Amino acid sequence: MTEAKEGGGSIRLLLVDDHQLVRDGLKARLGDLDDIVVLGEAANAEDALAAAERLRPDLALVDVGLPGMNGIELTSAFAARFPALRVLVLSMYDSRGYVQSAMRAGARGYVLKDAPSAEIIAAIRAVAAGGVYFSSALTAALSGPPVESSLLTEREKEVLILIARGASNKRVAQKLDVSVRTVETHRLNLRRKLGIETAAGLANYAMKRGWIEE
């Protein structure tokens, strides 16, 4: 993790992405702007939380696909520990499930990694000013109804509940008398529909709906 000096009157930004090349590219895009300064950067959630504690940035630009705790889970952690910190998600995923999960976690915007530099800059400025921002390419993903449990098949719900209770893919396969490959396919479908990648995230989803006890 590297850090830069704070710029007076600027939007103080924390970059969170596990790829150094992406962080370098973002710093190059933002480096010539007078109103945005990159205070620090982090490659994982643990470092990002530590940096937020120390630097107190105005805004965190967070990648979804972080190792360990993913970007959506990190957004939730930011919201709990640093309520004043605004989060803008930067992602390669354009599915409705990911966008809605990010918003539920507390993100104020969602911009795609392949968006033009001008759009990423506009998103940073909008969210830092207290607004919300979604990439223009997300119109289709946002135009439909919310992704909810009614869109899950009965088998997907069964798989979700078992995983939420701590069962491994192998154990789920045994309980449902299906192959491990089939369970992996169901998990992929859950991730696409709900934007939730981890067992802990699925457990939280199931608890909120009363499918399992806390």
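Here are some notes:
- Of all residues in the stretch 25-37, those being in contact with a strand residue (DSSP E or B) (Cβ under 9 Å, 6 or more places away or on another chain) and assigned to a helix (DSSP H, G or I) number 3.
- Selected residue (criterion: surrounded by the fewest Cβ atoms within 10 Å (Cβ to Cβ)) from residues of the stretch 177-201 that are acidic (Asp, Glu) and under 24 Å from LEU66 (Cα atoms): GLU184
- Here ARG209 meets each of (1) under 27 Å from TYR93 (Cα atoms); (2) crowded, with 19+ Cβ neighbours inside 10 Å with one exception, condition (2).
- Contact annotation: residue pairs with Cβ atoms under 7 Å, 6 or more positions apart or on different chains, pairing a residue in the stretch 98-120 that is closer than 10 Å to SER135 by Cα with a partner that is assigned to a helix (DSSP H, G or I) and open to solvent by less than 10 Å² (accessible area, probe 1.4 Å), are GLY109/ALA123; GLY109/VAL127; TYR110/VAL99; TYR110/ALA102; TYR110/LEU138; VAL111/ILE120; VAL111/ALA123.
- Cβ pairs under 9 Å, 6+ apart, first in the stretch 33-51 and touching a residue at least 40 places away in the same chain (Cβ under 8 Å), second among the hydroxyl-bearing types (Ser, Thr, Tyr) and open to solvent by 40 Å² or more (accessible area, probe 1.4 Å): GLU41/THR2
- Which numbered condition GLN174 misses (of (1) modelled with pLDDT of 90 or more; (2) open to solvent by less than 80 Å² (accessible area, probe 1.4 Å)): (2)
- Among the residues here, ALA126 qualifies as of a type in the set (A, V, I, L, M, F, W, C), at pLDDT 90 or above, assigned to a helix (DSSP H, G or I) and surrounded by 13 or more Cβ atoms within 10 Å (Cβ to Cβ).
- Among all residues of the stretch 31-44, there is none that is open to solvent by 10 Å² or more (accessible area, probe 1.4 Å), closer than 19 Å to VAL87 by Cα, modelled with pLDDT of 95 or more and in contact with a Phe, Trp or Tyr (Cβ under 8 Å, 6 or more places away or on another chain).
Yes/no per residue for (1) open to solvent by 50 Å² or more (accessible area, probe 1.4 Å); (2) of a type outside the set (A, V, I, L, M, F, W, C):
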{"residue": "ASP17", "(1), (2)": "no, yes"}
{"residue": "LEU21", "(1), (2)": "yes, no"}
{"residue": "GLU46", "(1), (2)": "yes, yes"}
{"residue": "ARG56", "(1), (2)": "yes, yes"}
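- Selected residue (criterion: nearest to ARG192 (Cα to Cα)) from residues of the stretch 77-97 that are without any contact (Cβ under 8 Å) to a residue 40 or more places away in the chain and under 9 Å from the mean Cα position of the chain (by Cα): SER91
The values are calculated or read from the model by the stated rules, or taken from the named source; none is laboratory data. Every value quoted in this text rests on a predicted model; they were computed, and no experiment measured them. Neighbour counts are summed over all protein chains in view; Cβ atoms, including those assigned to glycine, are modelled from backbone coordinates with ideal geometry. Please note that ligands, DNA and RNA were not included when accessible areas were found on the heavy atoms of the full protein model with its side chains. Shrake-Rupley method; radii C 1.70, N 1.55, O 1.52, S 1.80 Å.
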